[in-house]
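In what follows, a structure is listed as C-alpha cells, so that the remarks can point back to it.
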Amino acid sequence: MRQAKRSTRVLSDAERTRLRQLREQIDIEKDEILAEGRRHKAAHDAATARLRDVMQLLRAERARQGLSLADIQARTGIARSALSRLETESDANPTLTTVTRYAEALGKDLQILLADKAQSA
C-alpha cells in the first residue's frame, strides 16, 4: 500500500502571526459557540419530545379504537413498517402531513397551538 506523501512548508512570520490570531479568536469564541450549540440542542430535544408525545397519543388512540397498523395503512396509504417506526422510534421525524394523515385515519383533527413562550427568570 502506498504511503501518502507528506510535505511541510515553513510558514512566514505573517502567516504565523495570522494563525496565532485565529487561534486566539477561536479560544475567545469557543465557550459562546458551545453554549449556543447546547441551547439549540435543548430546543431540538424538547421539540422531539413533543412530537414523540403526539405519536404516543396517536398510538394510544389507535389501540383504543382496536385498529391495527394494517388498518391505518389501508386508511392512509402509509406503509405499515413506516407507521411502526413512527410509533416506536425515539428519533422518528414525521412530516406534518404524515401526522395529519394518521390523525385523520383515526377520525381526529390535528390542531397546532401557537403560544407565547414562558419567560425564564
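The values are calculated or read from the model by the stated rules, or taken from the named source; none is laboratory data. In this text, all values refer to a predicted model and were calculated from it rather than measured experimentally. Please note: Cβ atoms are built from the backbone with ideal geometry, for glycine as well, and neighbour counts cover all protein chains shown.
Condition test on A118, is it in a helix (DSSP H, G or I) and free of Cβ contacts under 8 Å to residues at least 40 places away in the same chain? Answer is no for this residue.
Taking every residue in segment 63-75 that is closer than 15 Å to L86 by Cβ and at pLDDT 95 or above and pairing it with any residue that is not in a helix (DSSP H, G or I) and not polar (S, T, N, Q), at least 6 positions away or on another chain, the pairs with Cβ-Cβ distances below 8 Å are L67/L106; I72/I78; I72/L106; Q73/A79. Is at least one residue of segment 11-26 more than 20 Å from the chain's Cα centre (by Cα), surrounded by 11 or more Cβ atoms within 10 Å (Cβ to Cβ) and acidic (D, E)? For segment 11-26, residues more than 20 Å from the chain's Cα centre (by Cα), surrounded by 11 or more Cβ atoms within 10 Å (Cβ to Cβ) and acidic (D, E): present. Of the set (1) surrounded by 11 or more Cβ atoms within 10 Å (Cβ to Cβ); (2) modelled with pLDDT under 95; (3) small (G, A, S), all apply to A60 but (2). Against the criterion of being touching a Lys or Arg at 6+ places or on another chain (Cβ under 8 Å), at pLDDT below 95, among the acidic types (D, E) and closer than 29 Å to L114 by Cα, E87 qualifies. Considering only segment 64-82, I want to know if a residue exists there that is surrounded by fewer than 13 Cβ atoms within 10 Å (Cβ to Cβ), assigned to a loop (DSSP other than H, G, I, E, B) and charged (D, E, K, R). No, segment 64-82 contains no residue that is surrounded by fewer than 13 Cβ atoms within 10 Å (Cβ to Cβ), assigned to a loop (DSSP other than H, G, I, E, B) and charged (D, E, K, R). Total residues in segment 62-118 satisfying the condition of being of a type in the set (V, I, T) and either in contact with a helix residue (DSSP H, G or I) (Cβ under 6 Å, 6 or more places away or on another chain) or on the phi > 0 side of the Ramachandran plot (or both): the figure is 2.
Confirm whether L58 is touching a residue at least 40 places away in the same chain (Cβ under 8 Å) and not polar (S, T, N, Q). Answer is yes for this residue.
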